[in-house]
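The values are calculated or read from the model by the stated rules, or taken from the named source; none is laboratory data. Worth saying up front: this structure is predicted, and the values here are computed from it rather than measured. All Cβ positions, glycine included, derive from the backbone under ideal geometry; neighbour counts span all protein chains shown.
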Amino acid sequence: MSDYLRPTIIFLIVGMAWFAGAYGESVTIGHGSSVAASEGSSAEGILVSDGTITQSSVSSVGVIDDLNIDPWVKNAKGDYAEIGVTGTNVAGLSYSDNYFPVKDSVGVSDAVWAQQWIGASSADSLNAYSYASNAAGDEAKAEITIDHGSLSGYYNAAYAGPAPWLGMDRGAFVQQKADHATGNSILINTWAKNVLNDRAGSKTEISDGVLNGYSALAYAVKNTNGPGTARVQVNQLSVSAPYGSIGQSMSAIDHWGDTSQVAVKINGGNLYSYPYDVNIPAVAYSISDISRKTYASQSYDAETLGFGRGWRTSYSRDMKIPYQPLIMPVLLYGRVQPGEIEGTG
């Protein structure tokens with residue numbers, strides 16, 4: 001778990017509910033979540049709570065026709081966290097989550113959080129997300145959508161509340177990770193937006209490829225006497241698509257319209273490492289203060305295989321005042337071989 005998601009989780013198991021699903025029935029986890037299983041298939045769910053922290057899990061044998069799990073938590077201050085997964089014709093499902101305070105209710109706490117772990121050997125469609133917001137209007141979301149594919153080692157989390165480790169009075173935070181995914185198409189979005197409408201986001205698009213690793217986080221924060229910030233960072237991305245395509249972009253835009261973006265797209269090839277250089281991270285952020293900063297950077301190790309063409313694009317734009325990055329965005333860093341890389345800086 002990352003530094004910003006460090007609640008101490010102690011499960012005091014005082015109650016347990018089991019539900020078995022069969023043809024024409026469903027498994028219910030908490031309030032409103034359901035798993036509908038076909039004839040010849042089965043699903044089993046567990047719900048455990050000590051009245052403060054709640055944990056649930058689902059496992060299946062065979063195919064789940066319709067999957068919908070979507071717990072949320074909220075405190076009296078307006079901090080909100082939600083996680084969820086939906087899918088159709090899902091086989092080999094493994095799912096677990098936990099959340100604080102009590103699920104689907106408003107509780108008394110300084111912060112709220114929710115997290116989930118998901119795996120599926122195959123699915124016609126699968127969507128998983130985590131979302132955080134607060135009463136001030138800061139938001140963040142992490143989401144993965146798979147069409148006719150599989151997912152393993154997936155984790156996401158949402159946290160809303162104070163962030164003293166960042167020197168911030170409030171914030172909305174999300175994180176997602178995946179060990180492996182396949183699909184006709186895989187779409188991954190991780191973004192944050194603060195109350196002033198400063199935004200930062202990362203978008204990954206994979207067509208006919210394999211995701212070999214992904215990790216990203218995003219947050220929107222505000223200090224009472226300081227600037228608001230929206231930030232996204234991709235810590236790991238590796239994709240193989242020799243007969244497909246890979247697209248990855250990092251972008252930031254503030255409420256004035258100042259914009260920074262870096263992107264890479266490869267048709268028929270591999271994205272081995274993103275970022276490639278620890279000194280040049282894959283990051284984008286927007287800061288609303290007098291300086292009006294937006295910033296984006298990336299580094300990567302990529303290869304085209306001769307089955308298509310690869311290209312990259314990267315640009316920065318300022319409005320009314322000079323663009324003020326810490327360092328200039330990296331247009332291309334690392335090795336790209338063989339094939340042609342084109343674009344505009």
If we keep only residues of the stretch 119-133 that are crowded, with 21+ Cβ neighbours inside 10 Å and within 18 Å of the chain's Cα centre (by Cα), then the residue nearest to Ala157 (Cα to Cα) is Ser130
If we ask which residues in the stretch 259-280 are in a loop (DSSP other than H, G, I, E, B) and modelled with pLDDT of 85 or more, their number turns out to be 2
Taking the stretch 192-237 and keeping residues crowded, with 23+ Cβ neighbours inside 10 Å, in a loop (DSSP other than H, G, I, E, B) and in contact with a Lys or Arg (Cβ under 7 Å, 6 or more places away or on another chain) leaves Asn194
Per the list (1) more than 19 Å from Leu237 (Cα to Cα); (2) touching a Ser or Thr at 6+ places or on another chain (Cβ under 8 Å), residue check on Asn156 breaks on (1)
If you go through Gly84, Gly78, the only one that is at pLDDT 90 or above and assigned to a loop (DSSP other than H, G, I, E, B) is Gly78
Next item on the list: Go through the residues of the stretch 282-300 one by one and say whether even a single one is outside any strand (DSSP E or B), surrounded by fewer than 24 Cβ atoms within 10 Å (Cβ to Cβ) and touching a strand residue (DSSP E or B) at 6+ places or on another chain (Cβ under 6 Å).
Entry: yes
For the structure I just gave you, tell me whether Ala114 is among the hydrophobic types (A, V, I, L, M, F, W, C), at pLDDT 90 or above, under 24 Å from Val221 (Cα atoms) and under 18 Å from the mean Cα position of the chain (by Cα).
yes
Of Asn89, Asn127, Asn98, Asn156, the only residue that is farther than 17 Å from Pro71 by Cα and of a type outside the set (D, E, K, R) is Asn89
By residue number, the members of the stretch 151-168 that are surrounded by fewer than 22 Cβ atoms within 10 Å (Cβ to Cβ) and without any contact (Cβ under 8 Å) to a residue 40 or more places away in the chain are Ser152, Gly153, Pro164
